[in-house]
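Read through the structure below, which is laid out as structure tokens, and then see the notes.
The values are calculated or read from the model by the stated rules, or taken from the named source; none is laboratory data. Keep in mind that this is a model prediction, so the values were computed, not measured. Cβ placement follows ideal geometry from the backbone for every residue including glycine, while neighbour counts extend to all protein chains displayed. These area figures cover heavy atoms from the full protein model, side chains too; ligands, DNA and RNA do not enter into them. Shrake-Rupley method; radii C 1.70, N 1.55, O 1.52, S 1.80 Å.
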Amino acid sequence: MKNILYSLLIILSTALAAMIAVPAPAGKHGLLQVFLCGIIAGMSFVALKLNVKNARINSYKRELEKESIAADENSSRVKVLEQKIEVLEKALENALKNNY
């Protein structure tokens, strides 16, 4: 949806730039066209820059989430292995006590 809005802004700024290319009567109306085209072109440029920035931020967030999940998964694996070792140590102790 956002990409469509940004594309629409670009199209509008292009249309307004075309209006400038067409000779307009001298005076306030010609300056108004130039001013509006400049503002719309600036808005579309900023919107595109924000879109790129937000895409980079979102990809960085996904990367951090993946790293966090991997770290949690490794931590839980270590805990499970530690518990298994404890159980095996206790079983070994009990087996040694029962045999001797």
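Observations on the model:
- Per the listing 3, 51, 58, the residue uniquely at pLDDT 80 or above and touching a helix residue (DSSP H, G or I) at 6+ places or on another chain (Cβ under 9 Å) is 51.
- Residue 45 meets the conditions (1) at pLDDT 90 or above; (2) open to solvent by 100 Å² or more (accessible area, probe 1.4 Å); (3) closer than 30 Å to residue 12 by Cβ in every case but one. The failed one is (1).
- Filter result for residue 75 (assigned to a helix (DSSP H, G or I), farther than 28 Å from residue 12 by Cβ and not aromatic (Phe, Trp, Tyr)): yes
- Per this entry, residue 32 is not counted among residues that are open to solvent by 80 Å² or more (accessible area, probe 1.4 Å), over 30 Å from residue 12 (Cβ atoms) and without any contact (Cβ under 8 Å) to a residue 24 or more places away in the chain.
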